[in-house]
Amino acid sequence: MIFGRKIANHKSCCRETKFCVSTMAFFVLFLASLSLNAQKTTDFGGILQAEYQNNIVGNWDVWVKEDLRFDNNFSQYSRSKTTLGVDYKFVRYGIKIGAGFDYINKYTGKHIFRNRYRFFVNASYKYIYRNWEFGYRTRFLTMYHDERTGYYNYEATYNWRNRLSVSYQRRFSRFKYTVSGEMYSVFNRDNRLQLNTLMFEGDVEYRLTRRQYLSVFVRDYRDIYIESDQIRTVYFGLGWRFKH
């Protein structure tokens, strides 16, 4: 009886692994097929992420995240981002609110690196139905740029982001599959809200242990307001997360 259960669990694990591989292959082939029609408007890059989450007391969580990004077909450093955030969860209602700070070091070309400082507040909601999870997050950000124009000038920009996501996870499964889309909007100099970027993501997360998670993902960024040859970047990423 026990041997039969082990065989059943092994077959289930094999099916999960095959589904995970086929899902990621679909994302890669789908984005590659779209890039065939891009006519030199698409770049490919990589993202490496590491995140630590800790429940400090009650429903309060604090988290730290490091993000490295590479552009120009994985050959050029694009930016590093260090984030410190705090969240409060209304568990009964599926609502979470939070705030945080980003320190960004960005390569802007010609061997010039600039620092950016970003503050944000956000609110999110998730609804779980059987094996499905539906989520929405809205985030308001204000970013300050260091601009050397004979003197230091801190130029602020204001952004608003809205994200929708759908996740699927079988009961007792270590795999979690997520697809999401996000709209990036910016307030221009006339204080009008202007849509400037769309982001689509496919993510597969695997639970290594009770507290550690490994994820692979594909992100498709489309800059829809820039009049240039480079208006789209597809990133392949690897992430590690630890929950304490």
How many residues of region 89-114 are without any contact (Cβ under 8 Å) to a residue 12 or more places away in the chain and more than 29 Å from residue 129 (Cβ to Cβ)? The answer is 6
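If a residue must be more than 25 Å from residue 218 (Cβ to Cβ), part of a strand (DSSP E or B) and in contact (Cβ under 8 Å) with a residue 24 or more places away in the chain, how many such residues does region 53-88 contain? Steps first, please.
At the first step, the residues of region 53-88 found to be more than 25 Å from residue 218 (Cβ to Cβ) are 54-62, 84, 86-88.
Retained after the next criterion (residues that are part of a strand (DSSP E or B)): 54-57, 60-62, 84, 86-88.
This time we only want the ones that are in contact (Cβ under 8 Å) with a residue 24 or more places away in the chain, so: 54-55, 60-62, 86-88.
Residues in region 53-88 being more than 25 Å from residue 218 (Cβ to Cβ), part of a strand (DSSP E or B) and in contact (Cβ under 8 Å) with a residue 24 or more places away in the chain: 8 in total.
Can residue 237 be described as under 19 Å from the mean Cα position of the chain (by Cα), modelled with pLDDT of 90 or more and crowded, with 18+ Cβ neighbours inside 10 Å? Before you say what the answer is, go through the steps one by one.
Working: under 19 Å from the mean Cα position of the chain (by Cα): yes; modelled with pLDDT of 90 or more: yes; crowded, with 18+ Cβ neighbours inside 10 Å: yes.
Judged against the criteria, residue 237 is a match.
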Do we have residue 107 as over 23 Å from residue 55 (Cβ atoms), part of a strand (DSSP E or B), aromatic (Phe, Trp, Tyr) and over 19 Å from the mean Cα position of the chain (by Cα) here?
yes
Determine if region 166-177 includes at least one residue that is at pLDDT 95 or above, outside any loop (DSSP other than H, G, I, E, B) and over 26 Å from residue 66 (Cβ atoms).
yes
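The values are calculated or read from the model by the stated rules, or taken from the named source; none is laboratory data. Remember, it's a predicted structure, so these values are computed and weren't measured experimentally. Cβ sites come from the backbone with ideal geometry, for glycine too, and all protein chains shown count toward neighbours.
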